[in-house]
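Asks: Structure provided below as structure tokens; questions to follow.
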Amino acid sequence: MIDEGTFGTPFACVEADTVSVLEGRGAPLIVCANEPPWSSVRSALGSVTLAAEIEAWNMDVAHLAATVDQLRTTVPVELLAESTVVGLGGGTALDTAKYVAWSTGRPLVQVPSITSVDAGFTDAIGVRDAGRVRYIGTVIPEVVVLDLALVRSAPPRLNRAGVGDVLSCHTGLFDWRMASDRGLGHPWHAGLAALGVRLLDELEAAADDICAVSDDGVRFLADAYRRIGAACAWAGHSRFEEGSEHFWAYAFEHATGAHPVHGEIIAFAVCAMAHVQGNDPEGTRRIVERSKVRAHPDDLGVTEDDFRSCLLGLRDFARSTDLDVSVVDLIDVTPAQVDAAWTFVSTLPRY
Ligand SMILES: [Zn+2]
């Protein structure tokens, strides 16, 4: 048994109605949101002062810096000094809100409207710099609001995509074990590894609820993200849940400029890298089939050429961006392995 309390306290997370929480703040709000769902939430808000409304779409660091500069010139100093920053939406909204809260020193309330990414529950602020993901600091939200009705009103596939950032423990753990066995990178930690294994077991048990986007399915994903976020913040790294599958996805996004739904491209990449690792790829297929998360390359716009070049070039990409050591550093991935992995992912179900 592991005591997850070792990894510190996860962010405070309350099941609540978004409008009640925002009205209850009694503070001016700087809202960083996606559309949908912002306008429907906005129309339900009563007497709340909106100091600023920022449409979140671009995580480029220059764009974010310009956004904060504009905030400082358009929002009166007294208003800014009392404001609460709210992230409302998917990954871009939550990450933009982190950046704005970090830059202004104002408290942060996160309202994930879909369970497709863990951004609401991690303290690291990820931005894009010259097309690559870079982490520039950390910020802890005062509270994360889990609004089940809001989340369940999103298209089901965006919630099923939440599978990706939990399933990534499957390949992330394998990479971490391989690297740490050779004395490379962060040393192995049995407790973190046990958390990853436990999350994978629980994911399998929750797969039908996730597929149905039931209250329990949404709760499972939000709770999994909280636990992952707390453990990553405690460890100072995310090796138990992030490895070659994320790295391949970063390389793909860098090479193509595409921005697929994060959890879907990660689910695809877990299946592909599990095959390269020789690490129970059929187990990853089973989760995809039961949860009905989209992971087929044709559904995600991944061509065989892009898959091949990103995988064969992944070692160079990972070294040039200083990513953790993974399977692609430790074995020479052959064209035959790439072919076999492509054949495998091409037989995943389509949704
Ligand atoms: Zn992720």
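The values are calculated or read from the model by the stated rules, or taken from the named source; none is laboratory data. The shown structure was predicted, so the numbers you read here are calculated from the model rather than taken from an experiment. Don't worry about glycine lacking a Cβ; one is built from the backbone with ideal geometry, like all the others, and counts go over all protein chains shown.
Asks: I'd like to know if the stretch 46-56 contains one or more residues that are hydroxyl-bearing (S, T, Y), modelled with pLDDT of 95 or more, more than 16 Å from G126 (Cα to Cα) and assigned to a loop (DSSP other than H, G, I, E, B). If you could, list the steps in order and put the result at the bottom.
Replies: Let us first name the residues in the stretch 46-56 that are hydroxyl-bearing (S, T, Y), namely 47, 49.
With the extra rule that they be modelled with pLDDT of 95 or more, the set shrinks to 49.
Filter once more, so that each one left must be more than 16 Å from G126 (Cα to Cα): 49.
Restricting the remaining residues to those that are assigned to a loop (DSSP other than H, G, I, E, B) gives 49.
The answer is yes, given that some residue of the stretch 46-56 is hydroxyl-bearing (S, T, Y), modelled with pLDDT of 95 or more, more than 16 Å from G126 (Cα to Cα) and assigned to a loop (DSSP other than H, G, I, E, B).
Conditions tested, residue by residue: (1) surrounded by fewer than 20 Cβ atoms within 10 Å (Cβ to Cβ); (2) farther than 24 Å from G185 by Cα.
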{"position": "T256", "(1), (2)": "yes, yes"}
{"position": "V270", "(1), (2)": "no, no"}
{"position": "P281", "(1), (2)": "no, yes"}
{"position": "E289", "(1), (2)": "yes, yes"}
{"position": "D332", "(1), (2)": "yes, no"}
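Asks: In this structure, does C211 turn out to be within 16 Å of the ligand (Cβ to nearest atom), in the same structural domain as A336 (by TED's automatic domain parsing) and either under 17 Å from A295 (Cβ atoms) or in a helix (DSSP H, G or I) (or both)? Walk me through it before giving the result.
Replies: On the way: within 16 Å of the ligand (Cβ to nearest atom): no; in the same structural domain as A336 (by TED's automatic domain parsing): yes; either under 17 Å from A295 (Cβ atoms) or in a helix (DSSP H, G or I) (or both): yes.
No: the conditions fail for C211.
Asks: Looking at G91, G120, G164, can you tell me which residue is of a type outside the set (S, T, N, Q), surrounded by 19 or more Cβ atoms within 10 Å (Cβ to Cβ) and touching a Leu at 6+ places or on another chain (Cβ under 6 Å)?
Replies: Values: G91 fails: touching a Leu at 6+ places or on another chain (Cβ under 6 Å); G164 fails: touching a Leu at 6+ places or on another chain (Cβ under 6 Å).
Among G91, G120, G164, only G120 is of a type outside the set (S, T, N, Q), surrounded by 19 or more Cβ atoms within 10 Å (Cβ to Cβ) and touching a Leu at 6+ places or on another chain (Cβ under 6 Å).
Asks: Here's another thing I want to ask about it. Please enumerate the residues belonging to the stretch 288-319 that are over 16 Å from A267 (Cβ atoms) and free of Cβ contacts under 8 Å to residues at least 60 places away in the same chain.
Replies: T303, E304, D305, D306, R308, S309, L312, R315, D316, R319, listed by residue number.
Yes/no matrix, rows are residues, columns are (1) out of contact with any Ser or Thr (no Cβ under 9 Å at 6 or more places or on another chain); (2) closer than 24 Å to I331 by Cβ; (3) within 15 Å of the ligand (Cβ to nearest atom); (4) assigned by TED's automatic domain parsing to the domain that holds H246:
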{"position": "G263", "(1), (2), (3), (4)": "no, no, yes, yes"}
{"position": "I266", "(1), (2), (3), (4)": "no, yes, yes, yes"}
{"position": "H275", "(1), (2), (3), (4)": "no, yes, no, yes"}
{"position": "D280", "(1), (2), (3), (4)": "yes, yes, no, yes"}
{"position": "R286", "(1), (2), (3), (4)": "yes, no, no, yes"}
{"position": "A295", "(1), (2), (3), (4)": "no, yes, yes, yes"}
{"position": "R308", "(1), (2), (3), (4)": "yes, yes, no, yes"}
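Asks: Could you check the stretch 94-115 and list, in sequence order, the residues that are hydrophobic (A, V, I, L, M, F, W, C) and surrounded by fewer than 24 Cβ atoms within 10 Å (Cβ to Cβ)? Write out each step before concluding.
Replies: Here is the first cut: in the stretch 94-115, the residues hydrophobic (A, V, I, L, M, F, W, C) are 94, 97, 100-102, 108-109, 111, 114.
W102, V109, listed by residue number.
Asks: What is the one condition in (1) part of a helix (DSSP H, G or I); (2) more than 13 Å from the ligand (Cβ to nearest atom); (3) farther than 18 Å from V197 by Cβ that A258 does not satisfy?
Replies: The number of the failed condition is (1).
Asks: When the stretch 118-172 is examined, which residues are found to be touching a helix residue (DSSP H, G or I) at 6+ places or on another chain (Cβ under 7 Å), more than 17 Å from F268 (Cα to Cα) and assigned to a helix (DSSP H, G or I)?
Replies: The answer is A119, G120, F121, L148, L150, V151, R152.
Asks: Separate question: Just one of S214, S244, S238 is among the hydroxyl-bearing types (S, T, Y) and without any contact (Cβ under 8 Å) to a residue 24 or more places away in the chain; which is it? Quick ask: steps written out before the conclusion?
Replies: Details: S244 fails: without any contact (Cβ under 8 Å) to a residue 24 or more places away in the chain; S238 fails: without any contact (Cβ under 8 Å) to a residue 24 or more places away in the chain.
Among S214, S244, S238, only S214 is among the hydroxyl-bearing types (S, T, Y) and without any contact (Cβ under 8 Å) to a residue 24 or more places away in the chain.
Asks: Still on this structure, please answer the following. For the stretch 300-315, which residues satisfy the criterion of being under 21 Å from P349 (Cα atoms) and in a helix (DSSP H, G or I)?
Replies: If the condition is that a residue be under 21 Å from P349 (Cα atoms) and in a helix (DSSP H, G or I), then L300, E304, D305, D306, F307, R308 are the ones that fit.
Asks: Would a scan of the stretch 219-231 turn up a residue that is small (G, A, S), under 22 Å from F268 (Cα atoms) and either over 18 Å from the mean Cα position of the chain (by Cα) or not in a helix (DSSP H, G or I) (or both)?
Replies: No, that holds for no residue.
Asks: Just checking, how many residues over the stretch 79-110 are more than 14 Å from the chain's Cα centre (by Cα) and part of a loop (DSSP other than H, G, I, E, B)?
Replies: The total comes to 4.
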